[in-house]
Amino acid sequence: MLKLIHADLYKTFHRAYFFLLTAVVSALCVVMVFALRGGEAGNWSAAVSLGAMLLSYPVFLLPMLTQIIYAEEFRDHTLKNTMSYGTDRTVLYISKWLTVIILGVVMTAVVLAFYFGSTALVLTRDSAFRWELVREFFVRLSAACAVYVAAISMSVFFIQLLNKSTLAIFLYYGCFYLSDLILKLLHLDKGIDYLLKTQISAVAGNPLANLQTPVVISLVTMAVFFLAGIVFFRKEDFS
């Protein structure tokens, strides 16, 4: 499995797409910091609070990371070549799932470095700032990671299901952002409480003591899509 992960990371880090995506997101974070500087909230406390509010936005980028790993595989039909060497399908599926998570971790670390680095350099440290605010941000980020992993599992499942990266991305966005509207139309409003969209909103806005429920729901969602993806992948015909 480690060799498979290494091979995917090697291919990714020798292409420009991942670096370009990370650079664009990092640049946007720096722009937001400079935008804060011009207002009354041009201080560290405001930047940390804004960071917590922005925790829902990474879910929009996750299918793009999935596409980095899978787009070439489906375009060039190379998955069957990998399996022809006797690679177990479950191991292959898990290795690619883990690779997407690793890319997400790397991207998150770089973006946070730019965001908080530019905050320290550009904005002023106000009297209301406490390191407790930073700790609270990272607690929320840790909880949000459960939602991100669940979203990655959903994205990987859809791209395996359709074998077409572009269509899978649209299906992901539809399921993540429109499921609540569909449930309302079907008069299944109680189901909204279990959607990933609801969980990421709770992580960003609920008190820290109430983050356990969205984390548990996200992990259960992750397990469902992860196991469903493995079952489908083992039965898929790539010939």
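Structure values in brief
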item: Test: Ala223 is modelled with pLDDT of 95 or more, under 14 Å from the mean Cα position of the chain (by Cα) and closer than 29 Å to Asp88 by Cβ; result: no
item: Of all residues making up the stretch 179-202, the number that are touching a Lys or Arg at 6+ places or on another chain (Cβ under 9 Å) and closer than 22 Å to Thr66 by Cβ; result: 1
item: Boolean, Met222 is in contact (Cβ under 8 Å) with a residue 40 or more places away in the chain, on the phi < 0 side of the Ramachandran plot and touching a Cys at 6+ places or on another chain (Cβ under 8 Å); result: no
item: Any hit, the stretch 31-47, residues being over 19 Å from Gly205 (Cα atoms), among the aliphatic types (A, V, I, L, M), out of contact with any helix residue (DSSP H, G or I) (no Cβ under 8 Å at 6 or more places or on another chain) and assigned to a helix (DSSP H, G or I); result: yes
item: Some residue of the stretch 179-192 being under 17 Å from the mean Cα position of the chain (by Cα) and either under 23 Å from Arg89 (Cα atoms) or in a helix (DSSP H, G or I) (or both); result: no
item: Criterion: more than 17 Å from Val224 (Cβ to Cβ) and in contact with a Ser or Thr (Cβ under 6 Å, 6 or more places away or on another chain) - qualifying residue of Ala168, Ala209, Ala204; result: Ala204
item: Search result, residues across the stretch 73-119 that are at pLDDT below 70 and in a helix (DSSP H, G or I); result: Phe74, Arg75, Asp76, Leu79, Lys80, Asn81, Thr82, Met83, Ser84
item: Residues located in the stretch 124-178, provided they are small (Gly, Ala, Ser), closer than 16 Å to Ala204 by Cα and surrounded by fewer than 20 Cβ atoms within 10 Å (Cβ to Cβ); result: Ser142
item: Check on Arg135, more than 15 Å from the chain's Cα centre (by Cα), basic (Lys, Arg) and assigned to a helix (DSSP H, G or I); result: yes
item: Test: residue in the stretch 225-238 that is buried (at least 19 other Cβ atoms within 10 Å of the Cβ) and not in a helix (DSSP H, G or I); result: no
item: Subset tally (residues that are over 30 Å from Leu50 (Cβ atoms) and either surrounded by 12 or more Cβ atoms within 10 Å (Cβ to Cβ) or among the acidic types (Asp, Glu) (or both)) for the stretch 189-208; result: 2
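The values are calculated or read from the model by the stated rules, or taken from the named source; none is laboratory data. Because the structure is predicted, anything quoted here is derived from the model rather than measured. A quick note on method: Cβ atoms are made from the backbone with ideal geometry, for glycine too, and the neighbour counts reach across all protein chains shown.
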